[in-house]
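The values are calculated or read from the model by the stated rules, or taken from the named source; none is laboratory data. Small disclaimer: the values here were computed from a predicted structure and weren't measured. We place every Cβ from the backbone using ideal geometry, glycine too, and count neighbours over all the protein chains shown.
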Amino acid sequence: MGQVVSISEQIFKRWCEKLRNNNIVPQELIKELELLHQQRKLSDAGAIGELLKQVGGTNDAKD
Amino acid sequence: MMLKIDRIEIEGFRGITRACTLPLNGKSLLLFGENGTGKSSFVDALERLFTGKVSTLEGRMGVSTERHGPNIRISGSPKISVRFSEDSEFTLESNTELLPLTVKSYLAGAQEPLYILRRRQILDFIESKPQDRYELLQPFLPLTEVEETETALRRASQKADNEATEAERALSASSRELAQAVGIGEYQIPMGEQQVCTALSVRLQAIGIVALRSLSNLGDAISALDTRVAKVGDTERLITLHSARSLLSELQSSLSVLDFTSFRTALHTLQSQEVTVAKTFFEDVLQRGLEWIQTDWQGQCPLCETPWDKKPRDREALVARIHARLDEMKEVVKSRQDTDRKGRELLDSLREVQNSCRPLRTKLETLGEVDGLKLLDAVAESLRNLCTFLEQRLDQITTNGLDAAITSWHTASYATRLQELIARVKTAAGRLPSPEEIKPLVELRLLLGRIDELWRRQKVAFNQRNLARQRSEVASTMLRLAEEARKEEVQELFDRLSKDIDDLYKKVTGRETDSEKSQNQGLTKLRLEVRPEVRGSVIYQADFYERKDVVPNAYGSDAQLDMIGLCTFLALRRWYKNQHPVFDLLILDDVLTSIDAQHAVRTAELILKEFGNYQIILTTHDRIWYEYLRDIQARCRVKGQFLNKVIHKWTLEEGPDIREPEEERGHIDRLLVDGTAPQIATEAGRLLEHVLQEMRYSLRLSVQAKRGELYEIGEIWPAFYSAMRKSYPGFYEKCGETLDALDIRWTIRNWVGAHFNIWASRISREEVLEFGHTVSELFDRMFCKDCRRFVEPSMTPAGQLSCRCGHLIYPVPGKEPLKPLSREEIVKMTRGAFRDARLNTDLYFEWKRAEMGREHN
């Protein structure tokens, strides 16, 4: 009996594909999102917020 | 090996009162029962067991599974259990953790009631609003995790948006502050570098510093200003110099006005008067003597104590003389007072000058003016000496002494030396700009420093704004793409589902094999679509002839919409099985009722063919349809996969009676040996009722309508007996005696078995036994043990009764028995006219008449 891929998983894969094909979301961030997905933490707005802080370097670095 | 349900046991739930067992042995179930006989109770019980509730009992005011699930006649808890092919049992009390893995997987799939379709649910989906439809589809689409992710992304995006707005505000404030500092009213955000440079350049150029080309050169301008200010050295020193110069000038002025001469002259005059007139001493003596003479010493001289001879003339002469002398002293006294005043004035002036030396000394110390300090100290020392000298009693100050002090003062040439010091300080101060000149420089220097800071702050705010914007854009992009991915994925799923729905619909409408032209007639291209502009919304679309993208319920009949709903459910069920391959239960509770015969046949065939690998529970309240479904089972070659059950009757006390005919027959045999008369009468009566119910359908007996169609023997027997005698002479020829006997004895069932009355006491046991034997004989004549069917009128020839397999045939007298035709044979014989029809004699006759008419023509 083959492994059933859930629709959630398919949507996540499609999302990652879209993220990779767009030039707005940094590639490093996508890897971090994949990690969050593996940890089942994508529903954590705080965790996503922390990832966003990595976009463009830290605030301190920009200061 | 797929897990199947082997047995279902229910007791005390809904309409099922006593323990009732469905021995499926892994087979599917076709269950027939009139309305109100408890068919749906089996479905409800399974739903309760697998999902914990009965969806039709939930969500309605005052109704709940907990309160209305249990049978009203049973006080204890309901009992529902399922035994699986793996010999595992699952009951309401089971601990699922202890069950085998396959059973757990099965139960996981069964948790959502996505495998049960009830009549009332079919139209719900079609008629529902798009958002409600999405809700209805949600159990099929386990998107909770995806939706939670989208919610998290939405929150993160909102937060990033807020931060971007805040950063925008901070940048705006920073630019405004910068513009205010530079003195510009109209500016852009962020304020442009060139605008700042231009404004600052005007002020720099005004003091001879080169214009700013860029704010990166701001450091150069600040350095230039610093250099300019550095020339001043210490502005404190400049101020000190000016202050010292001012104090020195004041000191010089004070010294120049010191009036030694006036005091010296007065002193000299005084001392000359004192020498020429008298000693000052006598002034007091005379004054005092006068007082003595006039008051205390009136009889004698106060000095020599010589009596005045008591001559007033002598005393008066002395007084006159003293007055005269005092007048003479008056000038000296006045001169003394004048000299004393001038001495004090000089002393005050000296002390004042002395005091003014102290701040001056501090300034000179600050300036490091050593020579000046020496001079000032000398001045102060001289002043102190002078003061000390002048502080003596006036009569102790001699002119010579005063002259010596004055000479010493003048000899010191303080005025000249002070003048030199002043010139020196002035020269030093003159080498520096004045405080008025330095002020703009310092202000501009401070401004440049502030601009540097504000420009840096604006830059930081600008970067942070850009960063916040970037994060906001990233967050919103992530969200947008997540929504896109979900919608696309769901739409792709819907496309697959839609194709499946459309294929199923084509099959049930028979359009699958039609020509291309007719395939485009009516409702076609059924599809589910995600509404991209609305979250969680699904629309149902179809084409209707030349009209594209219409909602099916705008043009479809109720029956068509029923079929669309059913096809949708079946497509979803098939998709759901892909998610839960172990779980294969499919329950259709009386869902084919409103569909016309032609479509219902196709639908039934489709279900049995396309879902042949499912364990199906199919209920119907339509007896003809039940029979026909049994035919379809054979036609679809799944007969062996089905257990066909009939609920003969239902009572509140006993619940549904689902015994097989053979069971009833066997039970009578046992009772005929050792049963009581009422037991025999009751059971024989039940079996007779069962036979008559079957015959009522197959012979299409004309019976007066009765609510719930729960007819008793007396209501069917006359019509049955009459029909058998008149229309089926072959049967009557062979079984006439049985029929005639029953025509007399059927009332025994009522007299003995059902209702107590006086007649019952007159009925002998022999008569009851005879009744039982006769019913059994009739059953044996009418029920085929091979095909497990009662005899029915053959389609052709008319008047013949036979079972389906042809084992029991009662031919028309004088005619050869004709084995009943199979459906395929009938369809072939009627050249396809009966392909999807429910077959019966009337229909056949109708066709036959039409055929004969055609042949005659």
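Tabulated data
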{"read-out": "Residue selected from segment B:429-444 under the condition buried (at least 18 other Cβ atoms within 10 Å of the Cβ) and out of contact with any Pro (no Cβ under 9 Å at 6 or more places or on another chain), by the criterion nearest to B:A199 (Cα to Cα)", "value": "B:L444"}
{"read-out": "Residue match in segment B:104-118 (condition: surrounded by fewer than 20 Cβ atoms within 10 Å (Cβ to Cβ) and farther than 21 Å from B:K577 by Cα)", "value": "no"}
{"read-out": "Meets criteria (in a helix (DSSP H, G or I) and touching a strand residue (DSSP E or B) at 6+ places or on another chain (Cβ under 7 Å)) for B:V490", "value": "yes"}
{"read-out": "Within segment B:5-27, considering residues that are in contact (Cβ under 8 Å) with a residue 60 or more places away in the chain and surrounded by fewer than 19 Cβ atoms within 10 Å (Cβ to Cβ), the one nearest to B:D44 (Cα to Cα)", "value": "B:E9"}
{"read-out": "Single match in B:E662, B:E627 (criterion: surrounded by fewer than 20 Cβ atoms within 10 Å (Cβ to Cβ) and among the acidic types (D, E))", "value": "B:E662"}
{"read-out": "Contacts under 6 angstrom Cβ, first residue in segment B:30-46 being in contact (Cβ under 8 Å) with a residue 12 or more places away in the chain, partner in a helix (DSSP H, G or I) and small (G, A, S), 6 or more apart", "value": "B:G36/B:G708"}
{"read-out": "Tally, over segment B:333-364, of residues that are in contact (Cβ under 8 Å) with a residue 12 or more places away in the chain and within 29 Å of B:H242 (Cβ to Cβ)", "value": "13"}
{"read-out": "Criterion violated by B:Y505 - all others in (1) touching a Leu at 6+ places or on another chain (Cβ under 8 Å); (2) away from every other protein chain (no Cβ under 14 Å); (3) part of a helix (DSSP H, G or I); (4) more than 30 Å from B:A571 (Cα to Cα) satisfied", "value": "(4)"}
{"read-out": "Verdict on B:V691 being over 21 Å from B:T21 (Cβ atoms) and free of Cβ contacts under 8 Å to residues at least 40 places away in the same chain", "value": "no"}
{"read-out": "Qualifying residue in segment B:780-795 (condition: crowded, with 20+ Cβ neighbours inside 10 Å, in a helix (DSSP H, G or I) and either among the basic types (K, R) or modelled with pLDDT of 90 or more (or both))", "value": "yes"}
{"read-out": "Residue match in segment B:39-49 (condition: crowded, with 17+ Cβ neighbours inside 10 Å, of a type in the set (D, E) and more than 23 Å from B:E663 (Cβ to Cβ))", "value": "yes"}
{"read-out": "Candidates B:G736, B:G708 - the one that is surrounded by fewer than 19 Cβ atoms within 10 Å (Cβ to Cβ), in a helix (DSSP H, G or I), at pLDDT below 85 and not assigned by TED's automatic domain parsing to the domain that holds B:R623", "value": "B:G708"}
{"read-out": "First in segment B:628-655 and without any contact (Cβ under 8 Å) to a residue 60 or more places away in the chain, second anywhere and part of a helix (DSSP H, G or I) and among the β-branched types (V, I, T), Cβ under 7 Å, 6 or more apart", "value": "B:I632/B:V601"}
{"read-out": "Residue ID - farthest from B:G814 (Cα to Cα), chosen from residues in segment B:711-729 that are surrounded by 15 or more Cβ atoms within 10 Å (Cβ to Cβ) and touching a Phe, Trp or Tyr at 6+ places or on another chain (Cβ under 8 Å)", "value": "B:I713"}
{"read-out": "The lone exception for B:L204 - which of (1) farther than 30 Å from B:E483 by Cα; (2) modelled with pLDDT of 90 or more it fails", "value": "(2)"}
{"read-out": "Any helices (runs of 4 or more DSSP H) falling wholly within segment A:1-53 and containing at least 2 residues that are at the interface with another protein chain (Cβ under 7 Å from one of its Cβ atoms)", "value": "A:7-20, A:45-53"}
{"read-out": "Segment B:578-587, subset closer than 21 Å to B:Y505 by Cα and either crowded, with 21+ Cβ neighbours inside 10 Å or touching a Lys or Arg at 6+ places or on another chain (Cβ under 8 Å) (or both), residue farthest from the other protein chains (Cβ to nearest Cβ)", "value": "B:I587"}
{"read-out": "Residue among B:R424, B:R445, B:R450 that is charged (D, E, K, R), farther than 27 Å from B:T366 by Cβ and either assigned to a helix (DSSP H, G or I) or over 40 Å from the mean Cα position of the chain (by Cα) (or both)", "value": "B:R450"}
{"read-out": "Positions within segment B:826-842 being at pLDDT 60 or above and either surrounded by 11 or more Cβ atoms within 10 Å (Cβ to Cβ) or assigned by TED's automatic domain parsing to the domain that holds B:K734 (or both), in sequence order", "value": "B:I826, B:V827, B:K828, B:M829, B:T830, B:A833, B:F834, B:R835"}
{"read-out": "When residues of segment B:494-516 are limited to those that are touching a helix residue (DSSP H, G or I) at 6+ places or on another chain (Cβ under 7 Å) and surrounded by fewer than 16 Cβ atoms within 10 Å (Cβ to Cβ), the one modelled with the highest pLDDT", "value": "B:G510"}
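Rundown of residues vs (1) among the acidic types (D, E); (2) in a helix (DSSP H, G or I); (3) within 23 Å of B:P113 (Cβ to Cβ); (4) not assigned by TED's automatic domain parsing to the domain that holds B:E193, yes/no style:
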site: B:L137; (1), (2), (3), (4): no, yes, yes, no
site: B:A152; (1), (2), (3), (4): no, yes, no, no
site: B:R155; (1), (2), (3), (4): no, yes, no, no
site: B:Q158; (1), (2), (3), (4): no, yes, no, no
site: B:E163; (1), (2), (3), (4): yes, yes, no, no
site: B:A170; (1), (2), (3), (4): no, yes, no, no
site: B:S175; (1), (2), (3), (4): no, yes, no, no
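Each row is one residue, and each column tells you yes or no for (1) under 26 Å from B:G109 (Cα atoms); (2) surrounded by 19 or more Cβ atoms within 10 Å (Cβ to Cβ).
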| position | (1), (2) |
| --- | --- |
| B:L137 | yes, yes |
| B:T149 | yes, yes |
| B:L153 | no, yes |
| B:D161 | no, no |
| B:L171 | no, yes |
